[in-house]
Amino acid sequence: NMASGNYYKNIIWTDHVLERLKNRKITQEIAWQTFNNPDKSFKDKEAGTNEYQKRFSHSTVTLIAKQNEKGEWVILSCWMDPPLPGTEDARKKERYMKYKESSFAGKLWLTLLKQIGF
């Protein structure tokens, strides 16, 4: 049983995607526009999902959706690339870029820091 917040514009939004949107500072309206009027879309027949992409100024929003057994659309995931500054996604990307550019010893150090929670 879905809470009323999980329906937006006759589409079902999982708790997971609503939490991700909040963390990624993406509005439900932007996500809906990506789904409703994408620049590109792809079907993943194996997974039974559709991927939608839409460009907003300097970022591309990607959204994953699938139809349930009743034929209703369910939004599963949504992210922005590049991620918005200050979000967890932006911090992860920053750490990854720093890691990629590090020496072998630097990579060991950054891996250790990540494992102990820094």
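Checking each residue in the stretch 40-61 for being within 22 Å of Glu72 (Cα to Cα), open to solvent by 90 Å² or more (accessible area, probe 1.4 Å) and outside any strand (DSSP E or B) picks out Lys45, Glu46. For the stretch 2-23, filtering for residues that are part of a helix (DSSP H, G or I), touching a helix residue (DSSP H, G or I) at 6+ places or on another chain (Cβ under 8 Å) and open to solvent by 40 Å² or more (accessible area, probe 1.4 Å) leaves 4.
Under the condition of being closer than 13 Å to Phe35 by Cα and either among the small types (Gly, Ala, Ser) or open to solvent by less than 60 Å² (accessible area, probe 1.4 Å) (or both), the residues counted in the stretch 74-94 number 5.
The values are calculated or read from the model by the stated rules, or taken from the named source; none is laboratory data. Here the structure is a predicted model, which is why all the values come from computation and not from measurement. Note that each Cβ is placed from the backbone with ideal geometry, even for glycine, and that neighbours are counted across all protein chains shown. All accessible areas refer to the heavy atoms of the entire protein, side chains included, with ligands and DNA or RNA removed. Shrake-Rupley method; radii C 1.70, N 1.55, O 1.52, S 1.80 Å.
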